Amino acid sequence: MELRKSEEPLPGRAVALILLLCFSGMRAETTRYSVLEEAERGSFVANIVKDLGLTGEELSARQARLVPEGEKQYFHLNLHTGDLVVREQMDREELCGQSEPCL
């Protein structure tokens with residue numbers, strides 16, 4: 001079978017350039033924070049904007065959101081300032097039962 005000109009494979013450099021352009025603006029980061037069990041509602045946890053090196057506008061434009069693993073939303077993220085605060089007080093026994101360590 002003969003390849004037509006439009007079906008020729010792209011050279012390796014062109015493929016690498018296309019992948020670089022597609023993924024250059026993307027990055028994934030994992031950041032962990034510790035919060036005391038007794039932390040009151042409204043307690044400051046961290047400033048996400050500062051920790052990720054973004055601006056408040058970028059955080060809002062990217063539509064950042066918190067996705068809880070359970071039924072309760074324990075934290076609130078202010079999209080304009082990047083402040084992460086405690087929304088609901090946590091109960092260690094309710095979250096982890098008797099398991100050690102509780103993460």
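The values are calculated or read from the model by the stated rules, or taken from the named source; none is laboratory data. Every value quoted in this text rests on a predicted model; they were computed, and no experiment measured them. Using ideal geometry, Cβ is built from the backbone for each residue, glycine included, and neighbour counts are taken over all protein chains shown. For the accessible areas, the whole protein counts, side chains as well, though only heavy atoms, and no ligand, DNA or RNA atoms are used. Shrake-Rupley method; radii C 1.70, N 1.55, O 1.52, S 1.80 Å.
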Does any residue in the range 68-94 that is among the acidic types (Asp, Glu) come within less than 6 Å, Cβ to Cβ, of a residue that is open to solvent by 50 Å² or more (accessible area, probe 1.4 Å) six or more places away or on a different chain, and which pairs are these? GLU88/LYS72
Take the conditions surrounded by 14 or more Cβ atoms within 10 Å (Cβ to Cβ), of a type in the set (D, E, K, R) and at pLDDT 80 or above and apply them to ARG62. Does it pass? no
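Do you know which of the residues in the range 76-103 that are at pLDDT 85 or above, open to solvent by less than 60 Å² (accessible area, probe 1.4 Å) and out of contact with any Phe, Trp or Tyr (no Cβ under 6 Å at 6 or more places or on another chain) is nearest to SER34 (Cα to Cα)?
VAL86
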For ARG13, all conditions in the list (1) at pLDDT below 80; (2) touching a Gly at 6+ places or on another chain (Cβ under 9 Å); (3) not hydroxyl-bearing (Ser, Thr, Tyr) hold save one; what is the number of the exception? (2)
Restricting to the range 16-58, and then to whatever is among the small types (Gly, Ala, Ser) and at pLDDT below 85, can you tell me which residue is least open to solvent (accessible area, probe 1.4 Å)? GLY56
